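**Student:** Can you keep this structure in mind? I'll have questions shortly.
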Amino acid sequence: MNQQLFLSEIEHPKWEGKIKEIMESHEGAVPIPEQKDEGRHLETRNAFWYRATIEEEIVGIGRLEEKEASSFEVTILIDNNYVGKGYGKIFLNKLEIEALKHGASSIIAIVSPENTRAEHVVSWFESEGYKVLTAGNINILLRAGKSIQLVKIIIDEY
């Protein structure tokens, strides 16, 4: 990994192009709009969408959504061609800094049981300093269809 990753906000995200491609490639990670929704705006109240780029190529999509005062939920998806190369960690760190700018003191990550890589994703977030809030055995909970919630206090991180 010798290329620099840049973060920029997506002003009016739409269900099309690279956003659609990356979201569809992560089966079960995020709710996928139906085909008829092609071109639909993905904007929601209190949500900020970001793209991670390397030399103008979009390599990741992220979203920060305010859930309650000073707490944001993070969604991060990396293009499969860039997974395992350290870009997810850099992207997540940049998203955490953006959350701080929006007044966050903590970030929540929710891993869906429909995510085909759920166990790996939970472990990855733990390796990035997130703590599991969901009580019980993660594997059993995921098999039972329960989402796993993780949290990280970021106010003192940066």
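**Student:** Show the residue pairs meeting these rules: Cβ distance below 9 Å; 6+ apart or different chains; first residue within the range 68-95 and under 18 Å from Phe48 (Cβ atoms); second residue assigned to a loop (DSSP other than H, G, I, E, B) and of a type in the set (Phe, Trp, Tyr).
**Tutor:** Asn93/Tyr158
**Student:** So, Glu57, is that one under 20 Å from Leu7 (Cβ atoms), touching a Phe, Trp or Tyr at 6+ places or on another chain (Cβ under 6 Å) and acidic (Asp, Glu) or not?
**Tutor:** No, not satisfied.
Residue-wise test of (1) modelled with pLDDT under 90; (2) farther than 16 Å from Glu66 by Cβ; (3) touching a Leu at 6+ places or on another chain (Cβ under 8 Å).
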site	(1), (2), (3)
Gly103	no, no, no
Val111	no, yes, yes
Ala118	no, yes, yes
Phe125	no, yes, yes
Gly129	no, yes, no
Ile148	no, yes, yes
Asp156	yes, yes, no
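**Student:** Would you confirm whether or not the range 33-47 contains a residue that is over 13 Å from the mean Cα position of the chain (by Cα), surrounded by fewer than 19 Cβ atoms within 10 Å (Cβ to Cβ) and either in a strand (DSSP E or B) or modelled with pLDDT of 80 or more (or both)?
**Tutor:** Yes, some residue in the range 33-47 is over 13 Å from the mean Cα position of the chain (by Cα), surrounded by fewer than 19 Cβ atoms within 10 Å (Cβ to Cβ) and either in a strand (DSSP E or B) or modelled with pLDDT of 80 or more (or both).
**Student:** While we're looking at this one, here's another question. Quick one: Asn80 ticks every box in (1) farther than 27 Å from Lys18 by Cβ; (2) surrounded by fewer than 13 Cβ atoms within 10 Å (Cβ to Cβ) bar one, so which box is it?
**Tutor:** Of (1) farther than 27 Å from Lys18 by Cβ; (2) surrounded by fewer than 13 Cβ atoms within 10 Å (Cβ to Cβ), only one is false for Asn80: (1).
**Student:** Among helices (runs of 4 or more DSSP H) lying entirely in the range 70-158, which contain 3 or more residues that are touching a Gly at 6+ places or on another chain (Cβ under 8 Å)?
**Tutor:** Per the criteria, 87-101.
**Student:** Within the range 55-102, take every residue that is small (Gly, Ala, Ser) and under 16 Å from Val151 (Cα atoms) and give me the one that is farthest from the chain's Cα centre (by Cα).
**Tutor:** Ranking the candidates gives Ala69 first.
The values are calculated or read from the model by the stated rules, or taken from the named source; none is laboratory data. Source: prediction; values computed, not measured. Here Cβ is always computed from backbone atoms with ideal geometry, including for glycine, and neighbour counts include all displayed protein chains.
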